[in-house]
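Here is the structure we will look at.
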Amino acid sequence: MQRYFEFEELGTNYKNEIMGGFTTFLAMAYILFVNPLILMDAGMDQGAVFVATAVAAAIGTIIMGLVARYPIALAPGMGLNAFFTYSVVLGMGIPWETALLGVFVSGIIFIIISVVGVREFIINAIPAELKYAAGAGIGLFIAFIGLQNAEIVVASEATLVEIGNLGAPQTLLAVFGVIITVVLMSLGLKGGIFYGIVITSVVGMIFGAVPFPQQVIGAVPSLAPTFGAAFAPFAEMGIGEIFTLQLMIVILTFLFVDFFDTAGTLYAVANQAGFIKDNKLPRAEKALLADSSATAIGAVLGTSTTTAYIESSSGVAAGARTGFASIVTGILFLVALLFSPLLAVVTEAVTAPALIVVGVLMASSLSSIDWKKFEIAVPAFFTIIAMPLTYSIATGIALGFIMYPITMVCKGRAKEVHPVMYGLLVVFVLYFVYL
């Protein structure tokens, strides 16, 4: 085991790997409670999604550990779950079963891309500024959803939105949750978001804003309501009816966000751990294959896109250097299946702070955009602002991909635009015409 994971070469040991794996789990355990609540809005069974989330995270993380041998954990991604529920299912009116099929297909395409080795071609086709803008826009969108769930921001006939009643018990609890989570994160506490959820839940129970759990450990909920549901559309419709232009755009968006989110996370965590050599990540194809496989598996189980988590950096900071830490994290996700009764405690007011803080973290990519160049600023701005204002990640990406070739051509930089971007311009224009 030590030889396979190269403990001696990487200067690590079992203690460091176990502590690193445990730290990573605590840093991202919030997804076990947040993901079911978000997908429940799409009409999916909360208990089944809880199981799918834990199992998909466990399988994906263990594959990453065994195959790619990196201390990087995977789980259903924040932003992608919001896109799944609020843009695809509620916004476009696509049944959640068909949306799961879209996730599955994007995973299969991702697997093919990883195996064939066209990763560099795709990465180079899309400008870095649009990747940063997409990340920041998704962050704002997630934060907006969190503010809505907490009723800190509510609907208004006069101004569309306005501040809510901060004295309402659930809203007040959410405000407390935001403050305590921000304090924990500012102090640099590993797993600050998870601990914020725990503390907010306890305070909510004390003051009667959150129900007490009937038990802490219970039977694992049934996976039947979501398992294999991704293939149900085939029994009801023909392929032509399923794979519409609208769904193809959805698949492309799932693929786009997952691909670049994963690539960015892999390089960030690997760089922190000192794995990058000559600006290249060893075994990158294996890492991407692990991620794409987890996406396909997660869709079959019944959850939105599974992707690499930047929270893995907390495990690396705690000493993790090999895939053994990922195996530890994966096992902990399986153990977490026993704690399903706690789902009743983790309400929208409790998880809203996590959404808001994750939004803050994702918005940090704004600093990487060159706002002084107008031809860059315009597509980046449209990408970012459209996501929360139209309640659609796909719309933000589409507008950005349309505006980028236009501004670059007008600036006389047409030759710098990859041919793929001109093709996507046509695709997204047709998308709006179709809508």
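When the chymotrypsin sites (Phe, Trp or Tyr not before Pro) in the stretch 368-403 are filtered for DSSP coil states and for at most 15 other beta-carbon atoms within 10 Å of their beta-carbon, the remaining sites are Trp371. Give me the distance between the Cα centres of the stretch 41-59 and the stretch 72-96, rounded to whole Å. Each part's Cα centre sits 12 Å from the other's.
For the stretch 305-365, the C-alpha radius of gyration sits at 1.38 times the compact-globule guess of 2.2 N^0.38 Å, with N the residue count.
Among the GluC sites (Glu not before Pro) found in the stretch 139-220, those both in a DSSP coil and sparsely packed, with 16 or fewer other Cβ atoms within 10 Å of their Cβ, are Glu157.
Label separation (Ser186 vs Ala168): 2.7 nm, computed from points 7 Å beyond Cα along the C-beta direction.
Normalising the average separation of contacting C-alpha pairs (under 8 angstrom, six or more residues apart) by the number of residues puts the relative contact order of the stretch 47-123 at 17 percent. D by Stokes-Einstein for the stretch 1-69, Kirkwood Rh over Cα pairs, 37 °C, 0.692 mPa s: 236 µm²/s.
For a modelled paramagnetic label at Val161, 7 Å from Cα along Cα-to-Cβ, the residues of the stretch 321-363 in reach, with backbone nitrogen under 20 Å, are 348-363. For the chain, the carbon plus sulfur part of the accessible surface works out to 68%, probe radius 1.4 Å. With N the number of residues in the stretch 355-435, Rg(Cα) / (2.2 N^0.38 Å) evaluates to 1.17.
Calculate, in whole percent, how much of the Cα-Cα pair population of the stretch 140-273 lies beyond 22 Å. Before the final figure, lay out each step's value.
Numbers: 5897 of 8911 pairs.
Every Cα pair in the stretch 140-273 considered, those over 22 Å come to 66 percent.
Looking at the chain, the DSSP beta bridges with both ends there are about 100 percent antiparallel.
Across every pair of non-identical alpha carbons in the stretch 82-150, the mean reciprocal distance, once inverted, gives a Kirkwood radius of 14.3 Å.
With both labels modelled 7 Å from their Cα along Cα-to-Cβ, the Met1 to Ile217 distance reads 2.2 nm.
Between Ile242 and Val409, the distance separating the two model label sites (each 7 Å from Cα on the Cα→Cβ line) works out to 3.6 nm.
Please state the shape class of the stretch 250-371: rounded when a/c is under 1.5, otherwise prolate if a/b exceeds b/c and oblate if not, all from the C-alpha gyration tensor.
Values: a/c = 1.44, a/b = 1.25, b/c = 1.15.
In terms of gyration-tensor shape, rounded.
Take the stretch 300-385 with all the other protein chains still there, run a 1.4 Å probe, and you get 33 Å² of accessible area per residue. Take the stretch 114-254 with all the other protein chains still there, run a 1.4 Å probe, and you get 51 Å² of accessible area per residue. Distance between Cα centroids, the stretch 293-372 to the stretch 1-29: provide it in whole Å. The two parts, judged by their Cα centres, are 18 Å apart.
The slack between Met205 and Ala377, meaning 0.36 nm per residue of separation minus the straight C-alpha distance, is 57.3 nm.
Given a 10 angstrom Cα cut-off, can you work out which residue in Ala336, Ala73, Ala133 is the most mobile in a GNM of the chain? It is Ala336. The slack in the chain from Ser368 to Val427, taken as 0.36 nm per residue of separation less the alpha-carbon distance, amounts to 18.5 nm.
The values are calculated or read from the model by the stated rules, or taken from the named source; none is laboratory data. Quick caveat, the model's predicted, so the values are computed rather than measured. Using ideal geometry, Cβ is built from the backbone for each residue, glycine included, and neighbour counts are taken over all protein chains shown. The protein model used for the area step is the full one, side chains on, heavy atoms only, and it has no ligands, DNA or RNA in it. Shrake-Rupley method; radii C 1.70, N 1.55, O 1.52, S 1.80 Å.
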